[in-house]
């Protein structure tokens, strides 16, 4: 996993602030692989129930993480709630590293 402890903490804290304590967040993509280089931070957030505002919250999450870290690294957030259709991106995200 290629994120710092500071990034890890900021991601988990911001996810819980926006999506609640029951949400889970996983790092996937190139940053989850120690053998790769570069890349943005890809996050998969799983929430219980249905949240009609999840898209707005995902943008808020990216902004909150950037505000906490002051980083210029791009952050991509994929949110999956109980109403989300099972898609390849969600299966990929669920195989990521639980933070």
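Since every read-out is calculated from the coordinates, none of them should be taken as a lab result. Note that the structure is predicted; figures quoted are calculated from it, not measured.
At-a-glance table
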quantity	calculated
The stretch 5-98 shape via C-alpha gyration tensor axes, a/c threshold 1.5	oblate
Fluctuation leader among 53, 28, 19 - the chain, Gaussian network, Cα springs under 10 angstrom	53
Ellipticity estimate at 222 nm from DSSP helix runs (n ≥ 4, -39,500 (n - 2.57)) divided over the chain, nearest 500	-12000 deg cm²/dmol
Antiparallel bridges, percent of DSSP beta bridges restricted to the chain (to nearest 5)	55 percent
